Amino acid sequence: MTIYGIDLGTSNSVIAGDDEVLPCPNGSGAILPSAVAFMPNGVRKVGKAARRRRAIDSDNTVYSSKRIIGRRWDAQETQNFVSRYPFRLVELDGWPAFETRAGRVTPTEVGAIILDALCERGDLPVQTSEVHLTVPASFSTAQRDATEQAAKLAGLQNVSLIEEPSATAYAYLHADEPFERAIVYDLGGGTFDCAVLECVDGEPRITAHASDLVLGGDDIDHQIAAWVARYVIEKHNWDLTNYSEVYDRLLARCEDAKIQLSDDTEAEIHLSQVDPECPAAEEVVTLTRALIEDLCQDLVRRTFIACDSVIRSAGVTPLDIDAVLLAGGASFMPVIQKGVAAYFGHSGRMSFDPTEVVALGASVAHRVG
Amino acid sequence: MSLGRSTKEVPPTRRNLELLCRVKLAEPIASSPHGSFGNIIELGSASLLLEAGREYAVGDHIVVEVVFPGQKRKGDPVSPLHCTIRKVNDEPALHYAVDIVRMGEIAQERLEEYLNRAAQRARDERGVR
């Protein structure tokens, strides 16, 4: 009987079963962007189609909602979210909810919509099968409860939560890449998680973990966007940060550029695709990999502050770590890989696609040892 | 300038685009005087495929305002294309087939340059190989 592993991520979500990730039903690869668009005609779009709507209907296209799942309205994280994202967020019985044209939608309901889309695969009985759904090790009880609630709303009947670092470790153990003591370095879209794990009788055990809940690929996008906005205001006296929908389009373009810069040394941002009203709308801003690496130095350093803390808590030193397991899309960035090699004295393992490893590991979690 | 009078070769249609544009009803409604945004996902010299931010009806007259990327010129960078919704291509996705019925001379030049540039690039790449 197949066990399905699901990584419900801040930026992207993935489902795996039978040792492989499952392609999205709409044929757009294995990765489903964690975005939901509420269309004017009542239709809901999820994934890539929703992500495209960010540019043209930002009020009604929700993404990164995992950042506030299970958080109260008055929590600092929620208020930070309100100030950084273009959504209309309102209080609903002490909890945050997105005000959309389809009505008020809670982060839990957004999670359920994404899970539903991920599990909707015709002949595969995901809803009635055993599902291992991953959560960050740092998630509170309320956040775990909200995630489980999302799974219930999506019709998943047999769900167990598994911590993301454990899932990553299971993937490597299952692939006969053993370790005695590993650290999982997971730089996802919304959070940075790191955990020291020891392998005991073939099972990974988390001995210490730390998170930076406001550090992820999204924050790198904000850093790049701030640089572009500063460049445009200095050169053309035009502010791309005045309107949330314009800034959101800038963020989306910066994310595309960041991804491109993992392979290429230059990427372009066309201002016409950010703000057609800008007097310099025909201008093309060129970003280089060196510039991006410079811009995110502080963010990269912060990941190692978290590593310092977790290694100290585990009572070991970086030299005692025999494997660094990389997870999260930002691990593709050369600056991250260089930083990891410098900090730990050896390269991080990336035998699996870091965007898929968590779901894959969750799906094989029962078969190790 | 009306369409179809040019004796020049018709530029090729560009597909798989995500070209941001502002879409206004030719007769603006009070609730949305500035229109909404849309993505042009396919563009030819006389028609386009629009992913709209709101719903339209077949026959609606709209103005699609677009800034063609990377065209450095003096003056207003916005090219207004006067269009009519020809048919609903994909209702759930709000994709509409749109006919361009009128545009100014400058807009037409910019549109043709944008369409021809991709074709030229493809020819150059073939030449290099």
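Tabulated values for the structure
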{"item": "Failed condition for residue A:54, given (1) open to solvent by 40 Å² or more (accessible area, probe 1.4 Å); (2) within 14 Å of chain B (Cβ to nearest Cβ)", "result": "(1)"}
{"item": "Which listed residue is touching a residue at least 24 places away in the same chain (Cβ under 8 Å) and at positive phi, from A:328, A:339", "result": "A:328"}
{"item": "Segment A:323-340, residues that are within 15 Å of residue A:307 (Cβ to Cβ) and either of a type in the set (A, V, I, L, M, F, W, C) or assigned to a loop (DSSP other than H, G, I, E, B) (or both)", "result": "A:323, A:324, A:325, A:326, A:327, A:328, A:330, A:336, A:340"}
{"item": "Selection from segment A:31-47 of residues that are in contact (Cβ under 8 Å) with a residue 24 or more places away in the chain and open to solvent by 20 Å² or more (accessible area, probe 1.4 Å)", "result": "A:31, A:40, A:42, A:44, A:46"}
{"item": "Checking residue A:176 against (1) of a type outside the set (Phe, Trp, Tyr); (2) touching a residue at least 60 places away in the same chain (Cβ under 8 Å); (3) out of contact with any Leu (no Cβ under 9 Å at 6 or more places or on another chain), the condition it does not meet", "result": "(2)"}
{"item": "Residues within segment B:44-61 that are in a strand (DSSP E or B) and either in contact with a Leu (Cβ under 6 Å, 6 or more places away or on another chain) or open to solvent by 60 Å² or more (accessible area, probe 1.4 Å) (or both), tallied", "result": "2"}
{"item": "Any hit, segment A:253-260, residues being at pLDDT 95 or above, among the hydrophobic types (A, V, I, L, M, F, W, C) and either under 29 Å from residue A:59 (Cα atoms) or open to solvent by less than 10 Å² (accessible area, probe 1.4 Å) (or both)", "result": "yes"}
{"item": "Candidates A:309, A:347 - the one that is in contact (Cβ under 8 Å) with a residue 24 or more places away in the chain and of a type in the set (S, T, N, Q)", "result": "A:309"}
{"item": "Flag for residue A:193 being surrounded by 22 or more Cβ atoms within 10 Å (Cβ to Cβ), among the acidic types (Asp, Glu) and either free of Cβ contacts under 8 Å to residues at least 60 places away in the same chain or on the phi < 0 side of the Ramachandran plot (or both)", "result": "yes"}
{"item": "The lone exception for residue B:113 - which of (1) within 14 Å of chain A (Cβ to nearest Cβ); (2) under 27 Å from residue A:283 (Cβ atoms); (3) touching a residue at least 40 places away in the same chain (Cβ under 8 Å); (4) crowded, with 18+ Cβ neighbours inside 10 Å it fails", "result": "(4)"}
{"item": "Test: residue in segment B:12-28 that is touching a Cys at 6+ places or on another chain (Cβ under 8 Å) and open to solvent by 40 Å² or more (accessible area, probe 1.4 Å)", "result": "no"}
{"item": "Hey, residue A:282 open to solvent by 60 Å² or more (accessible area, probe 1.4 Å) and within 14 Å of another protein chain (Cβ to nearest Cβ) or not", "result": "no"}
{"item": "Selected residue [within 28 Å of residue A:194 (Cα to Cα), surrounded by fewer than 21 Cβ atoms within 10 Å (Cβ to Cβ) and hydroxyl-bearing (Ser, Thr, Tyr)] from A:129, A:140", "result": "A:140"}
{"item": "Condition check for residue A:277: more than 21 Å from residue A:335 (Cβ to Cβ) and either open to solvent by 60 Å² or more (accessible area, probe 1.4 Å) or more than 20 Å from the chain's Cα centre (by Cα) (or both)", "result": "yes"}
{"item": "Some residue of segment A:87-110 being touching a helix residue (DSSP H, G or I) at 6+ places or on another chain (Cβ under 9 Å), modelled with pLDDT of 95 or more, farther than 27 Å from residue A:250 by Cβ and of a type in the set (S, T, N, Q)", "result": "yes"}
{"item": "Among (1) within 22 Å of residue A:55 (Cβ to Cβ); (2) open to solvent by less than 50 Å² (accessible area, probe 1.4 Å); (3) more than 10 Å from chain A (Cβ to nearest Cβ), the one test that residue B:89 misses", "result": "(2)"}
{"item": "Qualifying positions in segment B:79-103 - more than 13 Å from the chain's Cα centre (by Cα) and either within 14 Å of residue B:63 (Cβ to Cβ) or in a strand (DSSP E or B) (or both)", "result": "B:86, B:87, B:88, B:89, B:90, B:95"}
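For (1) aromatic (Phe, Trp, Tyr); (2) within 11 Å of chain A (Cβ to nearest Cβ); (3) out of contact with any helix residue (DSSP H, G or I) (no Cβ under 7 Å at 6 or more places or on another chain), each residue gets a yes or a no:
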residue: B:29; (1), (2), (3): no, no, yes
residue: B:33; (1), (2), (3): no, no, yes
residue: B:47; (1), (2), (3): no, no, yes
residue: B:53; (1), (2), (3): no, yes, yes
residue: B:57; (1), (2), (3): no, no, yes
residue: B:60; (1), (2), (3): no, no, yes
residue: B:68; (1), (2), (3): yes, yes, no
residue: B:76; (1), (2), (3): no, yes, yes
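Quick grid of which residues meet (1) small (Gly, Ala, Ser); (2) out of contact with any Phe, Trp or Tyr (no Cβ under 7 Å at 6 or more places or on another chain):
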| residue | (1), (2) |
| --- | --- |
| A:73 | no, no |
| A:92 | no, yes |
| A:96 | no, no |
| A:99 | no, yes |
| A:111 | yes, yes |
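Rundown of residues vs (1) under 24 Å from residue A:220 (Cα atoms); (2) in contact with a helix residue (DSSP H, G or I) (Cβ under 6 Å, 6 or more places away or on another chain); (3) open to solvent by 30 Å² or more (accessible area, probe 1.4 Å), yes/no style:
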position: A:271; (1), (2), (3): yes, no, no
position: A:308; (1), (2), (3): yes, no, yes
position: A:326; (1), (2), (3): yes, no, no
position: A:335; (1), (2), (3): yes, yes, no
position: A:342; (1), (2), (3): yes, no, yes
position: A:345; (1), (2), (3): no, no, yes
position: A:350; (1), (2), (3): yes, no, yes
position: A:357; (1), (2), (3): yes, yes, no
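The values are calculated or read from the model by the stated rules, or taken from the named source; none is laboratory data. Quick caveat: nothing in here was measured; it's all calculated off a predicted structure. Virtual Cβ from ideal backbone geometry, glycine too; neighbours counted across all protein chains shown. Please note that ligands, DNA and RNA were not included when accessible areas were found on the heavy atoms of the full protein model with its side chains. Shrake-Rupley method; radii C 1.70, N 1.55, O 1.52, S 1.80 Å.
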